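Below is one structure, written out as structure tokens, with a few remarks after it.
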Amino acid sequence: MTESRIPAALVLGDGHVYRGYAFGAVEPDSDIDPVYGEAVFTTGMTGYQETMTDPSYHRQIVVMTAPQIGNTGWNDEDNESRDGRIWVAGLIVRDLSKRVSNWRAERSLEEEMRAQGIVGISGIDTRSVVRHLRNEGSAPAGLFVGEASQSDVQDLVAKVNEQPTMAGADLSAQVSTDSPYTIEAVGEKRYTVVAYDMGIKTATPNHLAQRGVETIVVPANTAYEDILQYKPDGVFISNGPGDPATADEMVAITRKIIHKKLPLFGICFGNQILGRALGLDTYKLKFGHRGVNVPVKNHLTSKIDITSQNHGFALAAPEGIGAGETFDTEFGPAVITHTCLNDDVVEGVALENGMAYSVQFHPESAAGPHDANPLFDQFIALMDEHSPNAK
């Protein structure tokens, strides 16, 4: 399918404008509503389908650094949202592939975007956009299509800056499931885990299922007392979008879980929630970590993993506490377990007794390398030793 020649513009809140051509849910001579979100970039060479269906990208316009996107098409197996929904607000690419060439493809990227009402822009010098976002930071942005893209730039910039900022955004409830559902264990069931859906990716409970875990996925902020009906052997807190500083209710629930000595594992947003429960602060990164090639060091083992990441916020280490060092919490000593080798950002925390641990990256590796998959086995081992239902 050839790309549309309808003019379009990516407008940043600081006044920078990048012009290209619209694709996806656009038609000639039709009025297309502007699309607003935070402009971010991902360095992944593969995995655009997983990226676009990851609920953590809610309200974000994603710039792909790989120059050609769409060549592997779209299938019904690689979605990371349960219902196959695309969560990115918009997509920016250099070159939209005109031909799909992959044996698993069932349709093209543009066909799926049309079906779901998602707009993208191609023909933009994405190198220039990414360099600007790296230098100046992620920015409020808007996609304007057709005649709207030719409007006065100052008017477009003003519209872009009217949108709510990502700092202070409470988005988990917008992407979380409305009611509990169960992912059955594969083979013999070993454990039951309650997973808090802050924006969970489908690959995560699938990894647990392959290890004999029945996963009951519950809405964000489900009361601790309500999860007891499932007799969980452990609790998992998922990835998700928004500012972790808004997650006071989930932090309070996490503190109850720790007090009750239930094995606890969190990733991404779950890492920030556990960190806050341990008394740490969070902050917004300049341009975030998004991609499938981020090096992280485990300071407990000295092992380095190449990881998949998608986060715009991070945990702040306690003053004077470095990588691999312990700090005091009301639950006992905790440790900074992982840091990013690119910029020293905190990438993992854990109670020294092992009962609660979390990482900022994505061990489910969808898409991405499998280096961090053993973190799921660590969760199984923790439940082997400390499940409250052990006989």
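Bear in mind these aren't lab numbers, they're just calculated from the coordinates by the rules spelled out. Note that the coordinates shown come from a computational prediction; the quantities given were computed from them, not determined experimentally. Please note: Cβ atoms are built from the backbone with ideal geometry, for glycine as well, and neighbour counts cover all protein chains shown.
Can you give me the long-range amide H partners of ILE237? Hydrogens built in the peptide plane at 1.01 Å from N, cutoff under 5 Å, separation of 5 or more residues or another chain.
For ILE237, the qualifying residues are TYR196, PHE265, GLY266, ILE267.
Ignoring the sites themselves, what is the longest stretch of the chain with no GluC sites (Glu not before Pro) in a DSSP loop and at most 11 other beta-carbon atoms within 10 Å?
That would be 189-318.
For the pair SER179 and ARG5, what calculated FRET efficiency results from E = 1/(1 + (r/R0)^6), where r is the Cβ-Cβ distance and R0 = 51 Å, to the nearest 0.05? Don't jump to the answer; show the numbers that get you there.
Values: r = 45 Å, r/R0 = 0.87.
It comes to 0.70.
222 nm [θ] for the chain, helices only, -39500 (n - 2.57) per DSSP H run of 4+, per residue, to 500?
On the way: 10 runs with 82 residues, N = 391.
Computed ellipticity for the chain at 222 nm equals -5500 deg cm²/dmol.
With a cut-off of 8 Å between alpha carbons and a minimum separation of six or more residues, what is the relative contact order of segment 96-242 in percent? Don't jump to the answer; show the numbers that get you there.
Details: 171 pairs, mean separation 32.5, N = 147.
It rounds to 22 percent for segment 96-242.
Going by average Cβ density within 10 Å per residue, which order do the peptides 197-205, 282-290 take, highest to lowest?
Per-residue Cβ counts within 10 Å, averaged per peptide and sorted highest first, yield 197-205, 282-290.
Out of all DSSP beta bridges with both ends in the chain, state the antiparallel percent to the nearest 5.
Antiparallel: roughly 60 percent of the beta bridges in the chain.
Using C-alpha positions alone, give me the convex hull volume of segment 191-274 per residue in cubic angstrom. Don't skip to the answer; put the middle values down first.
Values: hull volume 6.5 nm³, N = 84.
Spelled out: Cα convex hull of segment 191-274, divided by residues, is 77 Å³.
Please work out whether segment 172-386 counts as rounded, prolate or oblate from its C-alpha gyration tensor, where a ≥ b ≥ c are the square roots of the eigenvalues and a/c under 1.5 means rounded, while otherwise a/b larger than b/c means prolate and anything else oblate?
Here segment 172-386 falls in the rounded category.
Please report the net charge: other residues with Cβ closer than 14 Å to the Cβ of LEU341, K and R +1, D and E -1. Don't jump to the answer; show the numbers that get you there.
Values: positive: LYS297, LYS303; negative: ASP305, ASP343, ASP344, GLU347, ASP371.
Value of the local net charge: -3.
So what are the radius of gyration and Dmax for the Cα set of segment 21-170, in Å?
Here Rg and the maximum Cα pair distance are 15.0, 46 Å.
Between segment 237-306 and segment 311-349, what is the C-alpha centre distance in whole Å?
Distance between centres, Cα-based: 10 Å.
With the cut-off at 31 Å, tell me which of the pairs LYS159/LYS256; LYS201/LYS231; LYS201/LYS284; LYS98/LYS284; LYS159/LYS297; LYS260/LYS286 have Cα atoms farther apart than that. It would help to have the intermediate numbers written out before the result.
Values: LYS159/LYS256 43 Å; LYS201/LYS231 23 Å; LYS201/LYS284 22 Å; LYS98/LYS284 37 Å; LYS159/LYS297 42 Å; LYS260/LYS286 37 Å.
Table pairs above 31 Å Cα-Cα are LYS159/LYS256; LYS98/LYS284; LYS159/LYS297; LYS260/LYS286.
For segment 271-330, state what percent of all Cα-Cα pairs lands in each successive 5 Å bin, counting from 0 Å until the bin that includes the largest distance.
Cα pair-distance distribution for segment 271-330, in percent: 4, 16, 19, 26, 24, 10, 1, 0.
Just the number, please: Stokes-Einstein D of the chain in µm²/s, Kirkwood Rh from C-alpha pairs, 10 °C, 1.306 mPa s.
D, rounded to a whole number, is 74 µm²/s.
Estimate the FRET efficiency between GLU162 and GLN210 by the formula 1/(1 + (r/R0)^6), using the beta-carbon distance for r and 41 Å for R0, to the nearest 0.05.
Numbers: r = 46 Å, r/R0 = 1.12.
Result of the calculation: an efficiency of 0.35.
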